[in-house]
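Below is one structure, written out as structure tokens; the observations come after it.
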Amino acid sequence: MSAAVEPAPLPSASAAVPATVVHKFGGTSVADADRYRHVAQLLLARGESTQVTVVSAMKGVTDALIELALLASRDDARWREHWHELRARHRGAAVSLLGEHAGGTVEWLDDRFDHLARILEALAVIGELPNEVLDRVQGLGEVYSAHLLGAHFRALGEDCAVLDARDVLVVDRGELGVDVGWETSAQRLATWRQSHPQSRVVVTGFVARDRNDRITTLGRNGSDYSGAIFAALFNADELHIWTDVDGVLSADPRVVPEAVQLETLSYDEACELAYFGAKVVHPQTMSPAMERGLPIIIRNTFQPGHPGTRIAAGATASGPIKGLTLSPDLAVLNLEGTGLIGVPGTAERVFAALRNAHVSVVMISQGSSEHSICCVVRQGEAGRARDALLHAFAHELSLGHVQRVQLTPGISVLAAVGDGMAGQPGVAARLFESLARAQVNILAIAQGSSERNISVAIDSRDATKALRAAHAGFWLSPQTFSVGVIGPGNVGAALLDQLHKAQPQLLSKARLDLRLRAVLSRKRMLLEPRAVEGDWRSAFAASTTPADLDQFTEHLLAARLPHAMIIDCSGSADVADRYAGWLAAGIHVVTPNKQAGAGPLPRFHAIRAAAAASGARFRYEATVGAGLPVITTLRDLVDTGDEVTAIAGIFSGTLAWLFNKYDGSVPFSALVAQARAMGYTEPDPRDDLSGVDVARKLVILAREAGRDLSLEDVQVESLVPESLRRSSVEDFMEHLHGVDAAFATRLQAARDRGNVLRYVAQLPASGPASVGLVELPASHAFANLQLTDNVVQFTTRRYCDNPLVVQGPGAGPEVTAAGVFADVLRVAAGEGARL
Ligand code: ADP
Ligand code: ASP
Ligand code: MG
């Protein structure tokens, strides 16, 4: 192979070191005039001194051309209609793209389409479709497409040369695909370059010429390979393959929506993934790049800022498996016979027979008993393959040494690929285990001795399920969550700070990546493509995007991370209305918001049902007792088969403090003012004194214990006098002294009986649930709490004489946020994080 030819020196590039980049745009990137415009702007914004752009046909055009040729060769008159449509689509694109400059291009297109019509007419006459003609026709889309982009550049005033690859690229179609005639191609390019020295070149993808000067193509999806070939011929520093996804993903995103983008891949890994069906890049693309150490970057035309996937030399292992692929439309061919045992050369005869029949073998597997040899072939070649084996082993079949040659159609191969699996035990076991759990039967197994790939043949009907199961089972790279936080107020802000601080440790120790990608307040939201790095406060303050929960949700899901989670630190009922939808879409929900847990029962049941159906988790530990493990304890009791007969406790840090302090020496209203000044109450202390918040917590616990309780069912004693319920906060504070006498009397009466006053929530074994001020003996557990401590007491079948008590500080943004965080980690652990 010759060295690639240097292009003639360019006037503009001669001063600086020329950085040459070859870009390839797939059909998905050039679907219509707008997209060509977008591509041109993207290219013009780049700084390389030589820019070579290889383009595919407009989306769907190759298929349309093949269809045209087939219709014409069957003399199906509809070809004319299709031909008109295709011409109109190209003319339309030219006019929209070039405006007043379109004339020449439309004329040029008309000429080409007339020529195409003549070929199609000839096909209709001969009534068949010779391969050479198909090759000639199917590559025309690239010729039109390159011309369009070139004309657009020129209309923008850019000097640009258009290279028809059929004029320079010479290839041979070998058994393993297409081989490039490097020397001839390089010479032809050098000659072409002499008359086309421009620094901007547009090249047709897909098409080439064979040694006999006949027009040919590089095979379906071959423009990626064209990109790599021209990168070699132009001696490029990098090849950028632009498509419609953020790079190579861990699996086909159409099958596994939670597939993750891979930041790096070795050439070998990329080859295996592509060979086994990752359509994002053509398998032959890697070889020209590999030989030259040329990096390939797969990136998204629609997200030019995204770094994409870098394919380059060297180990980039981060876990045993990088990606999983599916190859559909295959068949298993099994040669079985007792006479094969210990007979040398059987495998060789099988492969020789298949080779002679021009059947390519996708996968081979042979058990060590040598009783059978199994190979996987393409469905379209399966009949031919079986006949070839029947013929080759006719003698053994007649003697009974070979019992049968069996063909099973409708097969897919699932391949797990990664450099990191070499020398790592347990990788295959994990694959088989996840398939077994999903009840997928494996027909054949193969592992290359490079240990870069494990492939299994399965029934195509199981393929999607199998891919998803394996993907979920394998995800040994950090468990990554796309996280959105709603309500960055007191608790929300504390949580965001805690998250930020814990992140490095979680990533390194627990392999858990909690990526904060969205923050939403009532007015604004911040959506980050990857993650909010560093100081979330300033990033959020700088955002001007109006809050929109639909967009927020879409954004969280768009990342295709394995998991998504919304942490709702708002107190909003509207947000709670979204929970069921989020859970149904597989988004975990964690919240200290009491709206869902204590709100209308139908909504609560819908939320529970959505979580049960999708497997997404709904956690709300911090709704009761802030960071205390109240709900977790209750769940453990219920889950282990205990029965909760009664619940009682002090659920409000504010009310706990007020009655711990209230000894008659200071009037009750003065204590409230003190508590307010110290920040122990809500801004409006009536929110605490009304008892409704305590009642909500009781409802949440009751539901958790299995009772369908609603807020209306709870008898609530409000400590706010009727007359002060609707006035302003200031007015309320000013007139609160009116209650002092009544409280003093109540306290004295209690004391006379040796009792204390406490604001207690009660769910008795029978009778109504209530919250209110009660007298308790001075020796009671609730009578001896620290300051703002909360206490919850569970009486159960097991804990009947001596109830189970959870007690401790139950308020404050820090501990509440810690309670939320603990829920977040519980969800992560449930999804496989090693916490
Ligand atoms: P182009 O027209 O740009 O060549 P293709 O349609 O040929 O685009 O390839 C891109 C498509 O490949 C993506 O839209 C995606 O649906 C599919 N695909 C299949 N497997 C993968 C994978 N592992 N990673 C990324 N994309 C994949
Ligand atoms: N247009 C060709 C195809 O659809 C080549 C390519 O786009 O890569 O197969
Ligand atoms: Mg492609």
So the helices (runs of 4 or more DSSP H) completely within segment 540-600 holding 3 or more residues that are of a type outside the set (D, E, K, R) and under 17 Å from VAL519 (Cβ atoms) are 549-558
I'm trying to understand the selection: among the residues of segment 695-705, which are in contact with a strand residue (DSSP E or B) (Cβ under 7 Å, 6 or more places away or on another chain) and surrounded by fewer than 24 Cβ atoms within 10 Å (Cβ to Cβ)?
ALA702, ALA705
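Results for (1) crowded, with 18+ Cβ neighbours inside 10 Å; (2) part of a strand (DSSP E or B); (3) of a type in the set (Asp, Glu), shown as yes or no for each residue.
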{"position": "ARG384", "(1), (2), (3)": "no, no, no"}
{"position": "SER398", "(1), (2), (3)": "no, no, no"}
{"position": "VAL402", "(1), (2), (3)": "yes, no, no"}
{"position": "GLN406", "(1), (2), (3)": "no, yes, no"}
{"position": "ALA428", "(1), (2), (3)": "no, no, no"}
Only one of (1) crowded, with 23+ Cβ neighbours inside 10 Å; (2) more than 9 Å from ligand 1 (Cβ to nearest atom) is not met by GLY247, so which one is it?
(2)
How many residues, within segment 89-137, are out of contact with any Phe, Trp or Tyr (no Cβ under 8 Å at 6 or more places or on another chain), closer than 26 Å to HIS38 by Cα and within 16 Å of ligand 2 (Cβ to nearest atom)?
1
Residues that are under 24 Å from VAL39 (Cα atoms): which helices (runs of 4 or more DSSP H) entirely in segment 213-318 hold 3 or more of them?
223-233
Yes or no: segment 263-285 includes at least one residue that is more than 16 Å from ligand 2 (Cβ to nearest atom), in contact with a His (Cβ under 6 Å, 6 or more places away or on another chain) and modelled with pLDDT under 95.
no
Exception for VAL377 within (1) buried (at least 22 other Cβ atoms within 10 Å of the Cβ); (2) within 27 Å of ALA278 (Cβ to Cβ); (3) more than 38 Å from the chain's Cα centre (by Cα) falls at (3)
Using the structure shown, decide if ALA33 is under 36 Å from the mean Cα position of the chain (by Cα) and under 20 Å from PHE206 (Cβ atoms).
no
Filtering segment 728-751 for residues that are surrounded by 18 or more Cβ atoms within 10 Å (Cβ to Cβ) and under 60 Å from the mean Cα position of the chain (by Cα) leaves a count of 5
Any idea which of (1) surrounded by 14 or more Cβ atoms within 10 Å (Cβ to Cβ); (2) within 43 Å of the chain's Cα centre (by Cα); (3) among the charged types (D, E, K, R) is the one ARG355 doesn't satisfy?
(1)
Selection from segment 44-63 of residues in contact with a helix residue (DSSP H, G or I) (Cβ under 9 Å, 6 or more places away or on another chain), crowded, with 16+ Cβ neighbours inside 10 Å, touching a residue at least 40 places away in the same chain (Cβ under 8 Å) and not in a strand (DSSP E or B) yields SER56, ALA57, MET58, VAL61, THR62
I'd like the full set of residues that are assigned to a loop (DSSP other than H, G, I, E, B) and in contact (Cβ under 8 Å) with a residue 12 or more places away in the chain, limited to segment 668-683.
TYR680, THR681, GLU682, PRO683
Could you tell me which residue of segment 478-515 is nearest to GLY418 (Cα to Cα), considering only residues that are small (Gly, Ala, Ser) and crowded, with 20+ Cβ neighbours inside 10 Å?
SER482
Would you confirm whether or not segment 275-282 contains a residue that is within 16 Å of ligand 1 (Cβ to nearest atom) and free of Cβ contacts under 8 Å to residues at least 12 places away in the same chain?
yes
Considering only residues that are of a type in the set (A, V, I, L, M, F, W, C) and part of a strand (DSSP E or B), which ones fall in segment 699-727?
VAL716
Take segment 218-239 and flag every residue that is surrounded by fewer than 24 Cβ atoms within 10 Å (Cβ to Cβ) and either farther than 20 Å from ALA186 by Cβ or within 15 Å of ligand 3 (Cβ to nearest atom) (or both).
GLY219, ARG220, ASN221
Within segment 756-783, residues of a type in the set (S, T, N, Q) and closer than 23 Å to SER690 by Cα come out as GLN762, SER770
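The values are calculated or read from the model by the stated rules, or taken from the named source; none is laboratory data. All values reported here derive from a predicted model rather than from experimental measurement. Cβ: placed from backbone, ideal geometry, glycine included. Neighbour counts: every protein chain shown.
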